[in-house]
Amino acid sequence: MLHTVNKSPFERNSLESCLRLSAAGSAILLFEDAVVGAVTGTNIADKVSAALADREIYVLGPDLAARGLDQSKLIDGIKVVDYGGFVDLSVEKSAVQAWV
Amino acid sequence: MSEIKKFMYVNRKAPYGTVYALESLEVVLIGAAFDQDVSLAFVDDGVYQIMNGQNTTGIGMKNFSSTYKALGDYEVTKLYVEKESLEARGLTVDDLMELTWEDEDDDYEEKPSIRLVSSAELAEVMADQDVVLSF
């Protein structure tokens, strides 16, 4: 299953709910304002890191770049995808839950 | 012959402040016309949608909470409520409406529709769906 999050974790609880309700083995894609949750040093970084133990986490590169966030600041284990990669994930995973 | 799919509607918004809750309920009722395995999840502020004792006379909006009681007649009988979301809001299952359905295979016995589940349990149910619709 693919979970998508597009809201900042500092404004909404979407990412926290996603982390709480995604099963082991599922994939999570952060895009739009949610990409701020993919970098180190935030107050949600520990929860994101912990989720990487049993889930894949992806972040949309163009949204990182648009916000001036450098890929070198990403939490270890988070993978960067482009729009094509977003499409691939949507097709590969059985269903998509959008944490809007 | 069409294949029966598992549809889950995920509700995360409180009613009345935005139109999401009502929209979700309408889509559920429309979807109920199709022969699918439907379930609803109430998560985050979505748990407020099924609070007992809603009274909207003061805000001039239609109180649609009684519609949840009709879901059983549309064979929508699985309403998952996340325990952690209730607890975070100081609520228990006793604060929710009593929602039931009649089991025609069991002498029309009234059975509870609400299934109180943990985050981990709900995550497993969600991961098992064919289609998830988010509101």
Q: Find how much the distance from B:E98 to B:E124 grows on full extension, using 0.36 nm per residue of separation minus their present alpha carbon separation; answer in nm with one decimal.
A: 6.9 nm
Q) For segment B:1-105, which chymotrypsin sites (Phe, Trp or Tyr not before Pro) are in a loop by DSSP, counting at most 15 other Cβ atoms within 10 Å? A) B:F34
Q. Where does the Debye-calculated log10 I(q)/I(0) of chain A sit at q = 0.13, 0.16 Å⁻¹, using only Cα point scatterers of equal weight, no solvent?
A. -0.37, -0.57
Q) Just B:I114, B:I59, B:I30 to compare: in a GNM of chain B, with alpha carbon springs under 10 Å, which one fluctuates most? A) B:I59
Q) Counting only protein chains, not ligands or nucleic acids, how are B:T100, A:T40 ordered by accessible area (probe 1.4 Å), most first? A) A:T40, B:T100
Q) Tell me, what is the Rg over Rh of the protein assembly as shown, with Rh the Kirkwood radius over Cα pairs? A) 1.00
Q: Please work out, to two decimal places, the log10 of the ratio I(q)/I(0) at q = 0.20, 0.22 Å⁻¹ from a Debye calculation in which every Cα of chain B carries one identical scatterer.
A: -1.28, -1.52
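Quick one: of B:K62/B:K83; B:K78/B:K111; B:K5/B:K78; A:K7/B:K5, which pairs are farther than 18 Å apart, Cα to Cα? Write down the numbers at each step before the final one.
On the way: B:K62/B:K83 28 Å; B:K78/B:K111 11 Å; B:K5/B:K78 15 Å; A:K7/B:K5 29 Å.
Violating the 18 Å Cα-Cα cut-off are B:K62/B:K83; A:K7/B:K5.
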Q) Counting other Cβ atoms within 10 Å, which GluC sites (Glu not before Pro) in segment A:1-68 have at most 12 and lie in a DSSP loop? A) A:E11
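Please give me, ordered by residue number, the trypsin sites (Lys or Arg not before Pro) of chain A that lie in loop per DSSP and have at most 14 other Cβ atoms within 10 Å.
On the way: sites: A:K7, A:R12, A:R20, A:K47, A:R55, A:R67, A:K73, A:K79, A:K93; in loops: A:K7, A:R12, A:R55, A:R67, A:K93.
Those satisfying the criteria are A:R67.
Between B:K62 and B:E109, what FRET efficiency follows from the Cβ-Cβ distance if R0 is 30 Å, with the result rounded to 0.05?
Values: r = 32 Å, r/R0 = 1.06.
Efficiency, rounded to the nearest 0.05: 0.40.
How high is the relative contact order of segment B:1-72, given as a whole-number percent (alpha carbon pairs under 8 Å, six or more residues apart)? Mind showing how you got there, number by number?
Numbers: 75 pairs, mean separation 27.3, N = 72.
Contact order relative to length: 38 percent.
The values are calculated or read from the model by the stated rules, or taken from the named source; none is laboratory data. Because the structure is predicted, anything quoted here is derived from the model rather than measured. Don't worry about glycine lacking a Cβ; one is built from the backbone with ideal geometry, like all the others, and counts go over all protein chains shown. For accessibility, only protein heavy atoms count, side chains too; no ligands or nucleic acids. Shrake-Rupley method; radii C 1.70, N 1.55, O 1.52, S 1.80 Å.
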